[in-house]
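**Student:** Quick one: this structure, given as C-alpha cells, is what I'll be asking you about.
The values are calculated or read from the model by the stated rules, or taken from the named source; none is laboratory data. Just so it is clear, the model here is predicted, and its values are computed rather than measured. Using ideal geometry, Cβ is built from the backbone for each residue, glycine included, and neighbour counts are taken over all protein chains shown. With ligands, DNA and RNA removed, areas are computed over all heavy atoms of the protein, side chains included. Shrake-Rupley method; radii C 1.70, N 1.55, O 1.52, S 1.80 Å.
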Amino acid sequence: MAEDAKRLAIIAAHGSMDAAYPPMILSTAALALDMEAAIFFTFFGLQILKKGNADKLKVVPVANPAMPMSIPNLVGALPGMTAMATGMMNGWMRKSNVAKLSELLDLAVEGGVRMIACQMTMDVMGIKKEELIDGIEIGGAATFLNFASQNAITLAF
Amino acid sequence: MSVTPDETLDCSGLACPMPILKTKKAIDALQVGQVLKMIATDPGSSSDMNAWTQKTGHELLESQQDGGKFIFFIKKTK
C-alpha cells in the first residue's frame, strides 16, 4: 500500500466567499490530522489574503444556478443583487455557526499552514505585500510545486 | 461500557471544521493514556471523529448519540 499522504497542497484562485471557504476549512483540518498544508493564493484568490478583506468577500448570484434561492441571471445582474445574495448567505452561515473566514485564516497562520501569495499575480494586479495579512510568504509556481511534489494531496479551488 | 473522561470538550453548536480543530488541541493537552470526552451537535462529527482517530492514531473508545448530541470518548495514544 502506498504511504499515506502527509501534505495537503491547495490552489486558491478565486475570491468569492464560497470559493474561499474550502481551502481554509481543508487546510486547518489538515493540521488537525497531523498533516502539513500549503495554500497557493493566485489571481483572485489573493483577495482572501488582503488585510481585513476575508469577511467582506461576496457571493455572486450571476451564473450561479445553484444558489439556494434561484435568481435568474438578468435579475442577478441588477445593482444590489450581489450584496443581497451575500447578505443572505452570511445570514445562513451565521445561523449554522460556521466560523468566519478571518477566524479560519488566523487558525491557518497560527497553525503553520504555508500561505503562499503568488508573486506574478500580485504584480499583475498591483497588490503590495503590505496589503496582505502577516504570516504569509511570497513565491511562485516552483515554490508551490516543490511542496506539492512531496507526497501531497493537491486540490484546486 | 463506561469510560471516565479526564477532560471534557463541548463543541455543541460548532460547525465543521471547528470540532476537529478543538479536539486536536484538547488531545494535545492531555497525557498519553488519558481520555477526552467530546460533545458535538454537528451530524457530520460521527464520520469525522472516526476519520480523525483513524488518521491520527488516537483511539475512539466509544461513541454515543443522545438526542441531537453526539458524544465521543477518545483515548490519547501517543
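**Student:** Quick one: work out the % antiparallel among DSSP beta bridges in segment B:6-78, nearest 5.
**Tutor:** Bridges in segment B:6-78 that DSSP calls antiparallel: roughly 70 percent.
**Student:** Tell me the label-point distance for the pair B:Gln34, B:Glu62, using the 7 Å Cα-to-Cβ offset, in nm and rounded to one decimal.
**Tutor:** Spacing of the two 7 Å Cα→Cβ label points: 2.0 nm.
**Student:** Using the eigenvalues of the Cα gyration tensor, what equivalent ellipsoid semi-axes result for the protein assembly as shown when each is taken as the square root of five times the eigenvalue, whole Å, largest first?
**Tutor:** The equivalent ellipsoid of the protein assembly as shown has semi-axes of 34, 24, 14 Å.
**Student:** Moving on to the next point. Applying 1/(1 + (r/R0)^6) with R0 = 30 Å to the Cβ-Cβ distance of B:Ala51 and A:Met67, what FRET efficiency is obtained, to the nearest 0.05?
**Tutor:** The calculated FRET efficiency here is 0.50.
**Student:** What net charge is computed for the residues neighbouring B:Ala40, neighbours being all others with C-beta under 10 Å from the C-beta of B:Ala40, Lys and Arg scored +1, Asp and Glu -1?
**Tutor:** Within the 10 Å Cβ shell, the charges total -1.
**Student:** Given an 8 Å cut-off on Cα distances and at least 6 residues of separation, report the relative contact order of segment A:1-84 as a percent.
**Tutor:** 27
**Student:** Here's something else I'd like to know. Less than 10 Å Cβ to Cβ from A:Asp55, Lys/Arg counted +1 and Asp/Glu -1: what total charge do the surrounding residues give?
**Tutor:** Once all neighbours under 10 Å are counted, the net charge is +1.
**Student:** Also, quick follow-up: Where does helix B:18-28 land angle-wise versus the long Cα axis of chain B, in degrees 0 to 90, nearest 10?
**Tutor:** On a 0 to 90 degree scale, this one is about 10.
**Student:** Please compute the Kirkwood hydrodynamic radius of chain B from all pairs of different C-alpha atoms, in Å with one decimal.
**Tutor:** 12.1
**Student:** For the protein assembly as shown, give me the percentage of DSSP beta bridges that are antiparallel, rounded to the nearest 5 percent.
**Tutor:** Counting only bridges with both partners in the protein assembly as shown, antiparallel ones make up about 40 percent.
**Student:** Averaged over B:44-53, how many beta carbons belonging to a partner chain fall within 10 Å of each residue's beta carbon?
**Tutor:** Mean partner shielding for this stretch: 1.
**Student:** What number comes out for accessible area per residue over the protein assembly as shown if the probe is 1.4 Å? Units Å², please.
**Tutor:** 51
**Student:** So what is log10(I(q)/I(0)) for segment A:23-157 at q = 0.09, 0.13, 0.18, 0.19 1/Å, when the Debye sum runs over its Cα atoms only?
**Tutor:** Listed by q, the Debye log ratios stand at -0.32, -0.66, -1.09, -1.16.
**Student:** Across peptide A:27-35, how many C-beta atoms of other chains are within 10 Å of each residue C-beta, on average?
**Tutor:** Across A:27-35, the average partner-chain Cβ count within 10 Å equals 6.
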